[in-house]
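Right, one structure below, let's go through it.
The values are calculated or read from the model by the stated rules, or taken from the named source; none is laboratory data. The structure presented is a predicted model; accordingly, all values stated were derived computationally and were not measured. Reconstructed Cβ throughout: ideal geometry from the backbone, glycine too, with neighbour counts over all protein chains shown. Accessible surface is based on the protein model in full, side chains and every heavy atom, while ligands, DNA and RNA are left aside. Shrake-Rupley method; radii C 1.70, N 1.55, O 1.52, S 1.80 Å.
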Amino acid sequence: MKKSSFIKFTNKGIYCVPGKFYIDPWRPVDLAVISHGHGDHARWGMKKYLCHHYTKPVLKHRIGEDIEIQSLEYAEEVNINGVKVSFFPAGHIVGSAQIRMEWKGYVIVFSGDYKVDDDGISTPFELVKCNEFITESTFGLPIYNWLKPEDYSEKMRTWAENNRENGKTSVFVGYSLGKAQRIMKSVEGQGRIFVHSSIAKLNDAIESVGIDLPKYETVNFFENYKETKGEIVIVPPALLDSNVIKKIPDRATAICSGWMQVRGSRRWRSADAGFAISDHADWTGLLNTVKATEAEKVFVTHGQTAVFAKYLNEIGINAVELQTIFGDEETGEKEILEENNDSE
């Protein structure tokens, strides 16, 4: 007897039928299996959450301390109504996980968001072979090809050093969860690192599970912001062009986002530089991953779904474009940055 899929795509999210749970649901459900802590994948209102150990404090910080939550190690297996569920590293951010589901010998993997290059902070991506693979496609176009982490780190450090020599403060703009920590790692040892309070709170959550982050200080824009002169400051995209960031003396601003690959720093007139750093896989990473899973069927979610699914079918991989309401933090960055540009 031929084995077949055991998931359904509903108005609440991706549903595991025999397991009776949802994966990263966008509406309240009884049991939500969560891939990572970004707001488009981990939402408020679930009766119970299941995630990786590293994601647990992030969910408590973002959703509420009183939520009912169970957490697992990578590769640890739990049986949910006969479905074997386990998490494997997605490499996206700290605690991010691919969700492996096995029922009657048939394996489905939900990738969540993922990247294949080791950033030095997140647990590196681990390939999981499966019958069906649900992949993101945020940067699913051939124009997106990232530098290796050590290469973009060198560029960022050189930029910061040049700013210091010219008496300028290096202000890096990046999303509070994932991107900010990568920036910290990239410029570690280049000077004092100051972060916005929203980043500091998430740093606390990450460090609470034993993950070491570079030394940093929290910038208080009412008290110690003058101490940042000639140093490094990291802020979330929402602060770009705000009165808060304008308090930083003699600043040079760099946007850190995958969108900078094609748009360039000059797309947003307030930026002095741009670094194409993404927590998502580029075109090659996506394509190589899909092929390596050896999946018989691939579902393509959020991002360049139509283009990526079409290409996969053209090269002989059975792919289906899947409409979800997942966004992603980089799309959020893009919208914020464009809004700031349009308001000038």
Check cross-link reach from LYS291 to the aspartates and glutamates: straight Cα distance under 18 Å, and skip same-chain residues fewer than eight apart.
-> ASP113, ASP117, GLU126, GLU132, GLU136, ASP282, GLU314, GLU321
Could you calculate the FRET efficiency of GLU294 with VAL17 from 1/(1 + (r/R0)^6), where r is the beta carbon distance between them and R0 is 22 Å, rounded to 0.05?
-> 0.40
Sequence-distant lysines (8 or more away, or on other chains) whose Cα lies within less than 18 Å of LYS56 = LYS47, LYS48, LYS201
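Suppose a student asked you for the relative contact order of region 163-306, using Cα pairs under 8 Å spaced at least 6 residues apart; what percent would you report? If you can, show how the numbers build up before the last one.
On the way: 211 pairs, mean separation 40.1, N = 144.
Normalised by residue count, the contact order of region 163-306 is 28 percent.
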Taking only C-alpha pairs under 8 Å that are 6+ residues apart, what is the relative contact order of the chain in percent?
-> 16
Listed by chain and number, the lysines with an alpha carbon less than 21 angstrom from that of LYS104, same-chain partners under 8 positions apart left out, are LYS2, LYS3, LYS8, LYS20, LYS84, LYS129, LYS297
Computed from every Cα-Cα pair in region 1-159, P(r) in 5 Å bins starting at 0 and rounded to whole percents is 2, 9, 17, 21, 19, 14, 9, 5, 3, 1, 0, 0, 0
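Give me Rg over Rh for the chain, both radii from the alpha carbons and Rh done the Kirkwood way, two decimal places. Mind showing how you got there, number by number?
Details: Rg = 20.4 Å, Rh = 20.7 Å.
Ratio value, two decimals: 0.98.
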Once both labels are modelled 7 Å past Cα along the beta-carbon direction, what's the GLU165-GLU314 spacing in nm?
-> 4.5
With 0.36 nm assigned to each residue of separation and the Cα-Cα distance removed, ASP118 to ASP272 gains 52.7 nm
Tell me, what is the FRET efficiency for ASN220 and GLU150 to the nearest 0.05, using R0 = 35 angstrom and their Cβ-Cβ distance as r?
-> 0.60
In µm²/s, what is D for region 214-306 at 25 °C and 0.890 mPa s, where D = kT/(6 pi eta Rh) by Stokes-Einstein and Rh is the Kirkwood radius from Cα pairs?
-> 150
Please work out how much length the chain gains when fully extended from VAL209 to ILE67, using 0.36 nm per residue of separation minus the C-alpha to C-alpha distance, in nm with one decimal.
-> 49.3 nm
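What 222 nm value per residue comes from the helices of the chain, counting each DSSP H run with n ≥ 4 as -39,500 (n - 2.57) and dividing by all residues, nearest 500 deg cm²/dmol?
Working: 8 runs with 82 residues, N = 344.
It comes out at -7000 deg cm²/dmol, rounded to the nearest 500.
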Can you pull the three principal axis extents for the Cα set of region 37-114, in Å, largest first?
-> 37, 26, 20
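Mind checking the alpha-carbon convex hull of region 125-242 and giving the volume per residue in Å³?
Here the figure is 158 Å³ per residue.
What does the accessible area per residue of region 81-221 come to in Å², with a 1.4 Å probe and no ligands, DNA or RNA counted? Provide the component values of the computation, followed by the final result.
On the way: 5010 Å² over 141 residues.
That works out to 36 Å² for each residue.
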Quarter of the Cα convex hull surface for region 276-322, i.e. its orientation-mean projected area (nm²) = 3.4
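Taking K and R as +1 and D and E as -1, what net charge do the other residues with C-beta under 14 Å from the C-beta of ILE63 add up to?
Details: positive: ARG43, LYS47, LYS48, LYS56, LYS60, ARG62, LYS201; negative: ASP24, ASP40, GLU65, ASP66, GLU68.
After counting each charged neighbour, the total is +2.
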